[in-house]
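The values are calculated or read from the model by the stated rules, or taken from the named source; none is laboratory data. Given the structure is predicted, the values throughout are model-derived calculations rather than measurements. Glycine gets a Cβ as well: all are built from the backbone with ideal geometry, and neighbour counts include every protein chain shown.
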Amino acid sequence: MIYTVTLNPSIDFIVHVDSLRLYQLNRMEHEHKYPGGKGINVSRILTRIGVETTALGFIGGFTGTYIREALAQEQVAHDFVQIPEHTRINIKLKDKGGETEINGQGPSITPEQLQQFMKKLERLQVGDMLVLAGNIPRSLPSNLYEQLLMSYGQRGIHVVIDASGEALARAVRHQPFLIKPNHHELGELFNTTFTTIDEIIPYGEKLLAQGITHVIVSMAEQVALLFTADGVYRSTAPRGTVVNSVGAGDSLVAGFIGRLAQTGSVQDAFRYGIATGSATAFSEDLACRDKIEAIFPQVKLTKL
């Protein structure tokens, strides 16, 4: 079973206008609403590709009810802690010039609600996977991911970290199963910047040497590097028109861990992850299985 954690879920409200006019009336051309949050995105993709998953986290209010109902409609299993405050709404405003994001802050989580959440994690068993994805709300301990990684990693559970900043920096010290920084986030870890793939390679290998099982470094235009026990692999970039910036990285993670659970092949899982992330980037919503399967043959790997 793959459990995903989204500590600060959202409704992603996608709004399209012809041309945004500041301080004036704008009329929507069309809109979409989706259950959002990095862990929820992972669970949605896993369900679509036939991998057993349960989404965990905190939701509340009428917005939380919408998320529950939307996930139930997609047959995504979930077991959230119910809280009285409303789950946030994130606005993704798109026009001809690009995209503007306005993200809600999200509710405060009490110590009692955190304990309810921790109780739900007690069901995890050896061989399960725990995906810790997204930011940690300010009302929760800033080292929460680190605590969970130390606790559950020692119990034979594969812990995936898809975060940035301090949460990622703390986590890499404790040998997670998988991390997926982009090249900017990797640079932040080591207080440097990268302009070429060759510059990235020593730092990915350094993370492997620290005991991390798999490192995927995502880059522009859907190109990525995989650092794993038998070497370093570079993926090709599938062809397509990018229409969606929301959830592509989450989809890559889901495609990788889902396919790995199905086949046990790391290289095959990496190819499938790239196909899944690309399929989401080429879609209005998260990728559907048919689109992933159509893109998958385009993805080739080169061992560096």
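Numbers at a glance
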| read-out | value |
| --- | --- |
| Total residues in segment 79-99, condition exposed (fewer than 15 other Cβ atoms within 10 Å of the Cβ) and within 30 Å of P111 (Cβ to Cβ) | 3 |
| Identity of the residue in segment 188-197, farther than 15 Å from R234 by Cβ and loosely packed, with under 15 Cβ neighbours inside 10 Å, that ends up modelled with the lowest pLDDT | T195 |
| Qualifying residue in segment 147-154 (condition: in contact (Cβ under 8 Å) with a residue 24 or more places away in the chain, surrounded by 13 or more Cβ atoms within 10 Å (Cβ to Cβ), under 28 Å from S108 (Cα atoms) and among the aromatic types (F, W, Y)) | yes |
| Entirely in segment 28-144, the helices (runs of 4 or more DSSP H) that have 3 or more residues that are farther than 30 Å from A294 by Cα | 61-73, 111-120 |
| Residue in segment 272-294 that is among the aliphatic types (A, V, I, L, M) and closer than 14 Å to K180 by Cα present | yes |
| Hits in segment 270-285 (condition: assigned to a helix (DSSP H, G or I) and either surrounded by fewer than 22 Cβ atoms within 10 Å (Cβ to Cβ) or of a type in the set (D, E, K, R) (or both)) | R271 |
| From I257, I212, I200, residue being surrounded by fewer than 23 Cβ atoms within 10 Å (Cβ to Cβ), modelled with pLDDT of 95 or more and more than 24 Å from E99 (Cβ to Cβ) | I212 |
| Residue in segment 286-294 that is assigned to a loop (DSSP other than H, G, I, E, B) and surrounded by fewer than 16 Cβ atoms within 10 Å (Cβ to Cβ) present | yes |
